[in-house]
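Let me begin by presenting the structure, written as structure tokens, before commenting on it.
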Amino acid sequence: MKSLWPTTTNTTPRPSEVSLRVVTMVMAGIMVEDVMAESMGGVMIAAAIGIIWLMAGVCCWRFSEQLKALGMTMLMLLPFAALGFAMASFTGGPQKELHPPGVMTATGTVAMAEAMTRSRQRIRFTPDGVGSKGTNVGGTNVGGANVKGDWRLIVPAEAASLSPGDRVTLTARLQHPLPRLLPGGFDFTAHALRHGFSATGFVREVEVTGQGDASTIAVMRYHLQQRIIAALPEEKAAVASALLVGLRGLITPGLREDFRASGLAHLLAISGLHMALFCGSVLFAIRLVLALFPVFSSRYPALKIAALASLPFGAFYLMVAGMPISAMRAFGMVCFVILAIVLDRRGMTLHHVAMMALILLLIDPDSLYDPAFQMSFAAVFALVASWMIRQQYRITTVTTNPPGPGRKLMRYGGEIAAASLIASSASAPFVLYHFGVTTAWSVLANLAGMPLMGFIIMPAGVLAFLLMPFGLEPSAFFLMGQGIDPLTTVAARIAEFPLSSLHLPSPPAITLVLLTLAMVVPFMIRAVRVFIIPLLITGGLVCWIIQPLPQLAITNLHGRIYAVVINSDGEAVISRRKTNGFTRSVLLRPFGFATAQYAPDADGSECRRGYCLIPVKGTGQSPGEDKRIALVWRRFALTDACREADLVLAHVDALYPCSDGTAIIDPAGISTSGGILGYSDEAGFRLESVNKDG
């Protein structure tokens, strides 16, 4: 069998191979700490790593050349796994305390403010003192607990407009950030705590009492968004705000869904494309100005000067974007490219990708589980790796006839299509894992959208930033809006195509690991055999296909019980007639469904007064032996539901258990166990909860 790479006698690892091995081991250490620390204990994990390290040393000393090479590799890499484990264990993680829910009155400072749809605002509020309404409580001591953390609040349209630095006294109804709603789902509470929020809620009353200190960046982002809103209509301003300052509160649910269904959602999150276009536009403009002075540009390296001069602009863009992970990764890559230009080296390698991943993981190990981190690095790794393979096997032809405009246009379109296909394919497993939906039209959408971004929207955005000190930015924003208008039209039209929303069951974690290894291993270990790659891909897909799918899901969202059951006809049945898009997507993601029928309206449902019986196909059963799940809305119906069903999902608390032993899941049980997924088998129903000890 042949290796992926051409045969070479040089066995010295490339820098990219070394850095990829190091960052892989750091990731492995972080995952080991997350999966095994609670069950085995940190001491046992450290001991296991030490034993493996000792065995590797023995291999280097005693055995054959092959084992010596393996032992030496393990000796060098295992400390990095230990580093990842230690960083994940001892960085302290997010502060764990949440603020008590309820109506609270507080005085504090507005740390951040952004405009939202329907003339509302979203603010980050840093309280000085907190207490129940009408109660004067000093400091942040509430109920005897010293609660730290900011509040993320929605300010209604009729309230006073707030800006960063405002000192305010407000009354708000606070609630906890959402927990992990179902097993394997996203943990909203951990995400909020990691970003320093101890509560979310809605402002009832607010009064501005003065002016305090605020972050310069927060003030700048606020005023930049206000200028965008003043210069553009609402829909165009929403997209421009997302692209230039990373504030997406103005984007309506319909517009967000159009971008997602068309495969253009990545344009709304500042990442490598935006950073490259922003810095590239600045570099082009500076080099163009230098070219107007031939005496200077002929004596000094104009490209290197322009590249270095664009770096502060990239740093400015990173800060006004709010420094999301994808933008930090992109800015790091831009720094590597500019350094390569200055040093006359190759500008984009997997070594740079691995080093940026390592830096971000050492700063925040928890970012490994962030969807933005996973999708961003999967896409950029695949793009850089594909470019490396293309360079490795590229056939150079000499021609006396330069390509014409038509051929250049076709080449440009082909490169956009190839890049879109590569990036979307690499990130698709992670998109499905976190969101359960993808699209079939991303290549077509990007063929239309990328030229608009590259030639009109982002250059006009850069021009607007440059003209703002002189008050001349409206003309640049007008030009930007002329590019945004066809972009939103393309998104809306393609979102109407069939297969624009492909809902599939989320792949298991082992599938992500195997598919990631299939992508990374050939560039990490040069001698890997070609057959290993399809073997890993096949293994990942098989694990995805054979994974058991749940038959039911039930969770508590803001005090309301929601349940979904897959009936014997394979249709999703939901327990509430009215559910918003977010709730529906969370509940249906484990099943790979887009819609669900209300239980009384579904075929096969047997509804009585206060409850419905849903037939469920049991494992290994014939069609006439379906199990039945009861959805109960009234307490008086519990007795009859217990008698007729194999499992009861109650929307009211059960005061007593079923007399025949039938299991009941009620709000009290869910408050202890968290959201539940149920799997049908020969023995009955196997239940998995968010809080496995609940």
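The values are calculated or read from the model by the stated rules, or taken from the named source; none is laboratory data. A quick note: this is a predicted structure, and the numbers were derived from the prediction, not measured. A quick note on method: Cβ atoms are made from the backbone with ideal geometry, for glycine too, and the neighbour counts reach across all protein chains shown.
Filter region 569-624 for residues that are part of a helix (DSSP H, G or I), more than 18 Å from residue 436 (Cβ to Cβ) and at pLDDT 90 or above and give the result. Explain how you work it out, then say what you get.
The first filter runs over region 569-624 and keeps only residues part of a helix (DSSP H, G or I), leaving 581-591, 599-601, 623-624.
Narrowing the set further to residues that are more than 18 Å from residue 436 (Cβ to Cβ) leaves 599-601, 623-624.
599, 600, 601 - these are the residues of region 569-624 that are part of a helix (DSSP H, G or I), more than 18 Å from residue 436 (Cβ to Cβ) and at pLDDT 90 or above.
Output yes when any residue across region 254-261 is under 21 Å from residue 223 (Cα atoms) and not small (Gly, Ala, Ser), and no when none is.
No, region 254-261 contains no residue that is under 21 Å from residue 223 (Cα atoms) and not small (Gly, Ala, Ser).
List pairs: first in region 367-386 and outside the structural domain of residue 273 (by TED's automatic domain parsing), second part of a helix (DSSP H, G or I) and at pLDDT 90 or above, Cβ under 7 Å, 6+ apart or cross-chain?
none
I need the full set of residues from region 325-347 which are surrounded by fewer than 21 Cβ atoms within 10 Å (Cβ to Cβ) and either at positive phi or out of contact with any Leu (no Cβ under 9 Å at 6 or more places or on another chain) (or both), in order please.
Correct list: 336, 337, 339, 340, 343, 344, 346.
Which one of these is surrounded by 16 or more Cβ atoms within 10 Å (Cβ to Cβ), closer than 30 Å to residue 666 by Cα and out of contact with any helix residue (DSSP H, G or I) (no Cβ under 8 Å at 6 or more places or on another chain): 552, 557?
That would be 552, the only listed residue that is surrounded by 16 or more Cβ atoms within 10 Å (Cβ to Cβ), closer than 30 Å to residue 666 by Cα and out of contact with any helix residue (DSSP H, G or I) (no Cβ under 8 Å at 6 or more places or on another chain).
Would you pick out the residues in region 293-308 that are of a type in the set (A, V, I, L, M) and surrounded by fewer than 17 Cβ atoms within 10 Å (Cβ to Cβ)?
295, 303, 308
Considering only region 426-449, state which residues are in contact (Cβ under 8 Å) with a residue 40 or more places away in the chain, in a helix (DSSP H, G or I) and over 17 Å from residue 186 (Cα atoms).
Selection gives 426, 427, 442, 443, 444, 445, 446, 448, 449.
Taking region 162-197 as the region of interest, how many residues are at pLDDT 90 or above and either among the small types (Gly, Ala, Ser) or in the same structural domain as residue 435 (by TED's automatic domain parsing) (or both)?
The number of residues fulfilling the criteria is 3.
Restricting to region 290-304, name every residue that is among the aliphatic types (A, V, I, L, M) and free of Cβ contacts under 8 Å to residues at least 24 places away in the same chain.
Result: 290, 291, 292, 295, 302.
Scan region 316-325 and tell me whether some residue there is under 18 Å from residue 191 (Cβ atoms) and either in contact with a Ser or Thr (Cβ under 6 Å, 6 or more places away or on another chain) or β-branched (Val, Ile, Thr) (or both).
Within region 316-325, one or more residues are under 18 Å from residue 191 (Cβ atoms) and either in contact with a Ser or Thr (Cβ under 6 Å, 6 or more places away or on another chain) or β-branched (Val, Ile, Thr) (or both).
Conditions (1) touching a Cys at 6+ places or on another chain (Cβ under 6 Å); (2) within 24 Å of residue 376 (Cβ to Cβ); (3) touching a residue at least 60 places away in the same chain (Cβ under 8 Å), marked per residue:
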{"site": "209", "(1), (2), (3)": "no, no, yes"}
{"site": "215", "(1), (2), (3)": "no, no, yes"}
{"site": "227", "(1), (2), (3)": "no, no, yes"}
{"site": "240", "(1), (2), (3)": "no, yes, yes"}
{"site": "257", "(1), (2), (3)": "no, yes, yes"}
{"site": "267", "(1), (2), (3)": "no, yes, yes"}
{"site": "271", "(1), (2), (3)": "no, yes, yes"}
{"site": "283", "(1), (2), (3)": "no, yes, no"}
{"site": "288", "(1), (2), (3)": "no, no, no"}
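Residue by residue through region 343-377, note down the ones that are in contact with a Pro (Cβ under 8 Å, 6 or more places away or on another chain), within 21 Å of residue 418 (Cβ to Cβ) and assigned to a helix (DSSP H, G or I). Walk me through it before giving the result.
Taking region 343-377 and keeping what is in contact with a Pro (Cβ under 8 Å, 6 or more places away or on another chain), we get 349, 351, 366, 372.
Subset that is within 21 Å of residue 418 (Cβ to Cβ): 349.
Passing the criteria: none in range.
Got at least one residue in region 495-510 being out of contact with any helix residue (DSSP H, G or I) (no Cβ under 6 Å at 6 or more places or on another chain), assigned by TED's automatic domain parsing to the domain that holds residue 382 and acidic (Asp, Glu)?
Yes, there is a match, as at least one residue in region 495-510 is out of contact with any helix residue (DSSP H, G or I) (no Cβ under 6 Å at 6 or more places or on another chain), assigned by TED's automatic domain parsing to the domain that holds residue 382 and acidic (Asp, Glu).
Which of the residues that make up region 512-543 are among the aromatic types (Phe, Trp, Tyr) and surrounded by 21 or more Cβ atoms within 10 Å (Cβ to Cβ)?
If the condition is that a residue be among the aromatic types (Phe, Trp, Tyr) and surrounded by 21 or more Cβ atoms within 10 Å (Cβ to Cβ), then 523 is the only one that fits.
Residue check: is residue 185 within 27 Å of the chain's Cα centre (by Cα), surrounded by 16 or more Cβ atoms within 10 Å (Cβ to Cβ) and at positive phi? Quick ask: steps written out before the conclusion?
Working: within 27 Å of the chain's Cα centre (by Cα): yes; surrounded by 16 or more Cβ atoms within 10 Å (Cβ to Cβ): yes; at positive phi: no.
No.
Please give the number of the condition residue 413 fails out of (1) at pLDDT below 85; (2) crowded, with 17+ Cβ neighbours inside 10 Å.
(2)
Restricting region 669-694 to residues that are surrounded by 14 or more Cβ atoms within 10 Å (Cβ to Cβ) and over 15 Å from residue 553 (Cβ atoms), which is modelled with the highest pLDDT?
Top of the filtered list is 691.
Quick test for you: out of 254, 314, pick the one residue that is at pLDDT 90 or above, in a helix (DSSP H, G or I), assigned by TED's automatic domain parsing to the domain that holds residue 438 and surrounded by fewer than 18 Cβ atoms within 10 Å (Cβ to Cβ).
Values: 314 fails: surrounded by fewer than 18 Cβ atoms within 10 Å (Cβ to Cβ).
Unique residue meeting the criteria: 254.
Yes or no: region 327-342 includes at least one residue that is outside any helix (DSSP H, G or I) and not aliphatic (A, V, I, L, M).
No, region 327-342 has no match at all.
Restricting to region 572-592, give me the number of residues that are surrounded by fewer than 16 Cβ atoms within 10 Å (Cβ to Cβ) and not small (Gly, Ala, Ser).
4
How many residues does region 509-568 contain that are in contact with a Lys or Arg (Cβ under 7 Å, 6 or more places away or on another chain) and either part of a helix (DSSP H, G or I) or of a type outside the set (A, V, I, L, M, F, W, C) (or both)?
3
Condition check ((1) within 29 Å of residue 466 (Cβ to Cβ); (2) assigned to a helix (DSSP H, G or I); (3) among the aromatic types (Phe, Trp, Tyr); (4) touching a helix residue (DSSP H, G or I) at 6+ places or on another chain (Cβ under 8 Å)) across all residues:
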residue	(1), (2), (3), (4)
205	no, no, no, no
209	no, no, no, no
219	yes, yes, no, no
223	yes, yes, no, no
241	yes, yes, no, yes
275	yes, yes, no, yes
